[in-house]
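A.B. asks: Structure provided below as structure tokens; questions to follow.
The values are calculated or read from the model by the stated rules, or taken from the named source; none is laboratory data. Given the structure is predicted, the values throughout are model-derived calculations rather than measurements. Positions of Cβ are generated from backbone atoms using ideal geometry, with glycine treated the same way; all protein chains shown enter the neighbour counts. When the accessible area is computed, the model is the full protein with side chains, heavy atoms only, and any ligands, DNA or RNA have been set aside. Shrake-Rupley method; radii C 1.70, N 1.55, O 1.52, S 1.80 Å.
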Amino acid sequence: MVGGLLPAGTTLPPLPHLLVVLLAAGGVAAALRRRRPRVTGRRVLALAPWMALGSAAHVLYVVDALPPVLAPFAGSPTVYLTVGAVAGAAWIAADATRPNRVAATLAAAGALLVVPVVAVAAGTGLSPEGARWSAVALALTVPVAGGAWVGLTRLRPEAAVTGGVGALAVFGHALDGVSTAVGTTQLGFGERTPLSRFLLELGGVPPVPVLGEGWLFLLVKLAVATAVVWLFAAYVRETPAEGYLLLGFVGAMGLGPAVHNLVLFSVAA
């Protein structure tokens, strides 16, 4: 599983692939800098399907379901640059052709790409048990994330200014926490990130149903995510464009690993 910083299995692609990714990412970044498309909460929220796309593509890499010429582009962390470059290019195209519907166009493009990638992953061999626990994790996350968001906005009403992007950050990290706990407890998956593994293997933690000892990992994820959203509230209010982009990145650090977990459980459990 992917659960945070410096996971095991981090590799660089062969030099030709690396150069292609770096040139593409650099070119898109330069084009975005020149065009400077308007950044809003809705447009950052529209990047959620792209966050899922990178994670699903990496699952194809893990289960060796990609052609050799494409596989290096989906390794970790290269896949983030690959998808980021494509998403950036899509944002530029949407801003140029449909300036009044950028968010909808960007979200639709990401969804249209992620669906076949997930379908290909499922086609490699669906695991009924893994898919069932993935569904359980997703269902359990909804009330957990909802409760955390309501609690945050009532305790710190100023956090509500982060809107959908703040809610996405809380949901993404809640889903990462729940899915990681479920994967380690119910499916026997290991954790690749040292800090996450330490929290999951901490002795003396009483287990709870479904989550086992992983509830502590979930609690820490929720505490950190809600604290970050609250701290970003002033940034979003004063500098919305930068604030939303950075908070969107925080959300991606939760949602990306979470989607990776759910898809991987469904095909490799």
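A.B. asks: For the range 98-122, how many residues meet the condition of being within 28 Å of Phe189 (Cα to Cα) and either acidic (Asp, Glu) or without any contact (Cβ under 8 Å) to a residue 40 or more places away in the chain (or both)?
C.D. replies: Total meeting the criteria: 3.
A.B. asks: Kindly provide the set of residues from the range 200-221 that are more than 20 Å from the chain's Cα centre (by Cα) and over 11 Å from Thr185 (Cβ atoms), ordered by number.
C.D. replies: The answer is Glu201, Leu202, Gly203, Gly204, Val205, Pro206, Leu216.
A.B. asks: Yes or no: the range 47-54 includes at least one residue that is more than 30 Å from Gln186 (Cα to Cα) and at pLDDT 95 or above.
C.D. replies: Yes: one or more hits.
A.B. asks: Right, next: Taking the criterion of being of a type outside the set (Val, Ile, Thr), closer than 25 Å to Val229 by Cβ, open to solvent by 50 Å² or more (accessible area, probe 1.4 Å) and at pLDDT 95 or above, would at least one residue in the range 125-136 satisfy it?
C.D. replies: No, because not a single residue in the range 125-136 is of a type outside the set (Val, Ile, Thr), closer than 25 Å to Val229 by Cβ, open to solvent by 50 Å² or more (accessible area, probe 1.4 Å) and at pLDDT 95 or above.
A.B. asks: Right, something else. Somewhere in the range 190-210, is a residue open to solvent by 30 Å² or more (accessible area, probe 1.4 Å), closer than 23 Å to Ala135 by Cβ, in contact (Cβ under 8 Å) with a residue 60 or more places away in the chain and touching a Lys or Arg at 6+ places or on another chain (Cβ under 9 Å)?
C.D. replies: Among the residues of the range 190-210, at least one is open to solvent by 30 Å² or more (accessible area, probe 1.4 Å), closer than 23 Å to Ala135 by Cβ, in contact (Cβ under 8 Å) with a residue 60 or more places away in the chain and touching a Lys or Arg at 6+ places or on another chain (Cβ under 9 Å), which makes the answer yes.
A.B. asks: Which one of these is closer than 24 Å to Ser266 by Cα and within 19 Å of the chain's Cα centre (by Cα): Val136, Val229, Val224?
C.D. replies: Just one listed residue meets the conditions, Val136.
A.B. asks: Filter the range 56-76 down to residues that are touching a residue at least 60 places away in the same chain (Cβ under 8 Å) and either open to solvent by less than 60 Å² (accessible area, probe 1.4 Å) or over 12 Å from Val263 (Cα atoms) (or both), then give me how many there are.
C.D. replies: Counting residues in the range 56-76 that are touching a residue at least 60 places away in the same chain (Cβ under 8 Å) and either open to solvent by less than 60 Å² (accessible area, probe 1.4 Å) or over 12 Å from Val263 (Cα atoms) (or both) gives 9.
A.B. asks: Show the residue pairs meeting these rules: Cβ distance below 6 Å; 6+ apart or different chains; first residue within the range 145-169 and open to solvent by 50 Å² or more (accessible area, probe 1.4 Å); second residue hydroxyl-bearing (Ser, Thr, Tyr).
C.D. replies: Going by the 6 Å Cβ cut-off, the qualifying pairs are Ala160/Thr153.
A.B. asks: Does the range 223-230 contain any residue that is open to solvent by less than 60 Å² (accessible area, probe 1.4 Å) and touching a strand residue (DSSP E or B) at 6+ places or on another chain (Cβ under 7 Å)?
C.D. replies: Looking through the range 223-230, none of the residues is open to solvent by less than 60 Å² (accessible area, probe 1.4 Å) and touching a strand residue (DSSP E or B) at 6+ places or on another chain (Cβ under 7 Å).
A.B. asks: Another question, if that's okay. State whether one or more residues within the range 186-203 are in contact with an Asp or Glu (Cβ under 7 Å, 6 or more places away or on another chain), more than 17 Å from Ala48 (Cα to Cα) and at pLDDT below 95.
C.D. replies: Yes, the conditions are met somewhere in the range 186-203.
A.B. asks: Quick check on my filter: what residues within the range 1-42 are in a loop (DSSP other than H, G, I, E, B), of a type in the set (A, V, I, L, M, F, W, C) and at pLDDT 95 or above?
C.D. replies: Within the range 1-42, just Val39 meets the criteria.
A.B. asks: Another one. Restricting attention to the range 232-249, and to residues there that are open to solvent by 30 Å² or more (accessible area, probe 1.4 Å) and among the hydrophobic types (A, V, I, L, M, F, W, C), which single residue is nearest to the chain's Cα centre (by Cα)?
C.D. replies: Phe249
A.B. asks: Okay, next question. Within the range 82-105, track down each residue that is crowded, with 19+ Cβ neighbours inside 10 Å and either hydroxyl-bearing (Ser, Thr, Tyr) or modelled with pLDDT under 95 (or both).
C.D. replies: Within the range 82-105, Thr82, Thr105 meet the criteria.
A.B. asks: Taking the range 73-90, which residues are part of a helix (DSSP H, G or I) and either among the small types (Gly, Ala, Ser) or more than 20 Å from the chain's Cα centre (by Cα) (or both)?
C.D. replies: Ala74, Gly84, Ala85, Ala87, Gly88, Ala89, Ala90 - these are the residues of the range 73-90 that are part of a helix (DSSP H, G or I) and either among the small types (Gly, Ala, Ser) or more than 20 Å from the chain's Cα centre (by Cα) (or both).
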